[in-house]
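Below: the structure, in structure tokens.
The values are calculated or read from the model by the stated rules, or taken from the named source; none is laboratory data. Here the structure is a predicted model, which means the values were calculated and not measured. Here the Cβ positions follow ideal geometry from the backbone for every residue, glycine too, while neighbour counts run over all protein chains shown. We work out accessible area using only protein heavy atoms, side chains counted, and drop any ligands, DNA or RNA first. Shrake-Rupley method; radii C 1.70, N 1.55, O 1.52, S 1.80 Å.
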Amino acid sequence: MNRLVWLGCLSYMVIGMAHVVAGAVLVPLIGAYGVEYGDGGQFIMNQFLGFLFGVLASPFMTRKLGRRSALILALGCLTAAEAVYSLLPPWGGMLAVAPVAGIGFGMTEAVLGAIIIEFVTDGKASAMAKLETFFGVGALVMPMLAGLLIRADIWQMAFPFITALSGITMLLWMTVSFGKADALISSRPSAAPERPVGEPARYSPAAWPLLVAGMLYFALYVGMEMSYTNYLPAILLERTGMDEAAASASLSVFWGLMVVGRLFAGRIADRGGYFRYLLVSTAAGTGMLVLLALTGHTVVSLVWVGLAGLLWSGVFAVALLYVNEHIPGMTERTTSLLIASGGIGSTLLPRAAGWFMDHVGADGTLWLIAIAASMLIALLGFMAATVRANRRRPMPGHVAEAGRPWIGPDV
């Protein structure tokens, strides 16, 4: 199982790089093609649409092909798309291939997350935190590498680098044996005994309130995080008087401590319980945003930025586990819906934050982000109440996992 987790970590590092490479080389890319930033935005949007499709299609693909085959297909899509990028085809070709890259890293994220949640029996939170740590490492390393390549005037080599790494990862998934786990990850999700074979599982009525609340939680959390990181340099520039270089470097403080936090978040969540971890992290993380909004001093602001990265570090992974724990038997579909909700939130909330930056300023934008974070606390309360309500009445377990209780031990 360790081999499965570590290969999963490599895969998450690759998709972390793939998520940010377009933005990292966007300036020289649009310069080379003679297009404008709006065209570059369309390129990134096409990748996002592919990502959304890949995430939502992942349950169908695992049902038809099996988990390992779906993962190989996803990495194959990513490898092929990055290879086409490497050739620098006409701009129309770049736009046409962009959704394929998005499908690749979106499906990889959803399928692999579901595999870890479903088949790692001990220390699920630690395993998921490892994946998220390596995703963060990829998202950190790629801009640094892109900066070096841009300075050397060979920025286009960023695409072949990801092509090679993605291709190697795909070959490893094709050839590496995971022992007893081989049969599990190669199989299709099992159909329930009382359902006709091939008919997809359905959520019970009692599962919907928790699922919808979980989707809203992910949309708000990812949207809040993306708004915070996208506009943090501009916010600090306006509120503290930092110069541009120092304001941009503040992102390294946030992401660096987030990566450090992910090294420990899983163990803390496994020992203390998923809900307790989420409640403390969400409440304390919201507090850091409020303190930042109340602070205008440069050094103190950077302290709040770093602590925010540390506190929010494990929320995404642990929230995935919490919702899946209380909706058993639907791991692939639940994981894909939650990740897709996060993707939608990462598009909508930053747009609102951008409007606030233009019309209200940095203070108003910070309070918008803090309000979004505080709504996460209310959603956690609703999810806990739903779990308790379902526990009080006998609920049929999802028959796809016969004998597994509807409600787990952790509120």
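Let a ≥ b ≥ c be the square roots of the eigenvalues of the Cα gyration tensor of the chain; is it rounded (a/c under 1.5), or, if not, prolate (a/b larger than b/c) or oblate?
Oblate is the answer for the chain, as a/c is 1.5 or above yet b/c matches or exceeds a/b.
Please list the helices of the chain that count as membrane-span-like by this rule: a mean Kyte-Doolittle hydropathy of at least 0.0 together with Cα atoms stretching 20 Å or more along the helix axis, each helix being a complete DSSP H run.
Numbers: long enough: 2-24 (33 Å, 1.26); 37-65 (40 Å, 0.51); 67-86 (29 Å, 0.94); 91-119 (42 Å, 1.52); 124-151 (41 Å, 1.15); 158-175 (26 Å, 1.53); 207-240 (46 Å, 0.82); 244-272 (41 Å, 0.74); 274-294 (30 Å, 1.49); 298-312 (21 Å, 1.98); 331-359 (42 Å, 0.20); 362-392 (46 Å, 1.07).
Result, helices passing both filters: 2-24, 37-65, 67-86, 91-119, 124-151, 158-175, 207-240, 244-272, 274-294, 298-312, 331-359, 362-392.
Can you tell me the FRET efficiency between residue 378 and residue 65 if r is taken as the Cβ-Cβ distance and R0 is 45 Å, rounded to the nearest 0.05? Spell out each step's value before the answer.
On the way: r = 39 Å, r/R0 = 0.88.
Calculated transfer efficiency: 0.70.
In the full protein assembly as shown, how much of residue 363 is accessible to a 1.4 Å probe, in Å² to the nearest 10?
Ignoring ligands and nucleic acids, residue 363 comes out at about 80 Å².
For region 23-106, with equal point scatterers placed on the C-alpha atoms only and solvent neglected, what are the log10 I(q)/I(0) values from the Debye formula at q = 0.20, 0.23, 0.24 1/Å, to two decimals?
-0.85, -1.03, -1.09
Report, to the nearest whole %, how much of the accessible area of the chain belongs to carbon and sulfur atoms, 1.4 Å probe, protein only. Don't jump to the answer; show the numbers that get you there.
Working: 11470 of 16750 Å².
The nonpolar share, carbon plus sulfur, comes to 68 percent.
Compute the distance in nm between two label points, each set 7 Å from the Cα along the Cα-to-Cβ direction, one at residue 234 and one at residue 276.
In this crude label model, residue 234 to residue 276 measures out at 4.1 nm.
How big is region 1-160 along each principal axis, measuring the range of its Cα positions in Å and listing the largest first?
52, 32, 22
At a 1.4 Å probe radius, which order do 64, 180 fall into by accessible area, largest first?
These residues rank, largest area first, as 180, 64.
For region 86-153, what class follows from the C-alpha gyration tensor (a ≥ b ≥ c being the square roots of its eigenvalues): rounded when a/c is under 1.5, otherwise prolate if a/b is larger than b/c, else oblate? Mind dumping the intermediate values first?
Working: a/c = 5.64, a/b = 1.66, b/c = 3.40.
Because a/c hits 1.5 or more and a/b fails to exceed b/c, region 86-153 counts as oblate.
Cα-Cα pairs above 28 Å in region 195-350: how many percent? Display every interim value, and only then the final one.
On the way: 3421 of 12090 pairs.
Percent of Cα pairs beyond 28 Å in region 195-350: 28.
Regarding region 75-114, what whole-number volume in Å³ per residue does the convex hull of its Cα atoms give?
Details: hull volume 1.6 nm³, N = 40.
Roughly 41 Å³ of hull volume per residue.
Quick check: with the 1.4 Å probe, what order do 150, 327, 168 take by accessible area, largest first?
Values: 150 65, 327 0, 168 95 Å².
Accessible-area ranking of 150, 327, 168, largest first: 168, 150, 327.
Taking the square root of 5 times each eigenvalue of the Cα gyration tensor, what semi-axes in Å does the equivalent ellipsoid of region 100-189 have, largest first? Show your work: numbers first, answer last.
Numbers: eigenvalues 181, 50, 25 Å².
Rounded to whole Å, the semi-axes are 30, 16, 11.
For 239, 391, 202, 271, give me the order by solvent-accessible area with a 1.4 Å probe, most accessible first, ignoring ligands, DNA and RNA.
Details: 239 50, 391 110, 202 160, 271 205 Å².
Result, largest first: 271, 202, 391, 239.
Per-residue accessible area for residue 122 at 1.4 Å probe radius, Å² rounded to 10?
So the heavy atoms of residue 122 present about 130 Å² to solvent.
Keeping all protein chains in position, work out how much accessible area residue 356 exposes to a 1.4 Å probe, and write it in Å² to the nearest 10.
Approximately 60 Å² of residue 356 is accessible to the 1.4 Å probe.
Using 0.36 nm per residue of separation minus the Cα-Cα distance, give me the extension gain between residue 298 and residue 148 in nm, one decimal.
Values: separation 150, 0.36 × 150 = 54.00 nm, distance 2.84 nm.
Full extension of this stretch gives 51.2 nm more.
What's the whole-number percent of alpha carbon pairs in region 1-49 lying beyond 15 angstrom?
Values: 650 of 1176 pairs.
Considering region 1-49, 55 percent of its Cα-Cα pairs are separated by more than 15 Å.
Considering only C-alpha atoms, what is the centroid distance from region 41-93 to region 228-293, in Å?
About 30 Å separates the Cα centre of region 41-93 from the one of region 228-293.
Could you give the length gained by full extension between residue 212 and residue 360, i.e. 0.36 nm per residue of separation minus their alpha carbon distance, to one decimal place? Numbers along the way, then the final one.
On the way: separation 148, 0.36 × 148 = 53.28 nm, distance 3.13 nm.
Result for the pair: 50.2 nm of gain on full extension.
Write down the accessible area per residue of the chain in Å², having rolled a 1.4 Å probe over the full set of protein chains.
On the way: 16750 Å² over 411 residues.
Here the per-residue accessible area is 41 Å².
Before anything else, pin down the relative contact order of region 1-107: Cα pairs under 8 Å, at least 6 apart, normalised by residue count, whole percent. List each step's numbers first, then the result.
Details: 98 pairs, mean separation 38.8, N = 107.
This gives 36 percent for region 1-107.
Helix-derived [θ] at 222 nm for the chain: sum -39500 (n - 2.57) over DSSP H runs of at least 4, divide by residue count, nearest 500?
Numbers: 15 runs with 331 residues, N = 411.
So the helix-based figure for the chain works out to -28000 deg cm²/dmol.
Can you give me the relative contact order of the chain as a percent, contacts being Cα pairs under 8 Å and 6 or more apart? Please list the in-between numbers first.
Details: 627 pairs, mean separation 92.3, N = 411.
Value for the chain: 22 percent.
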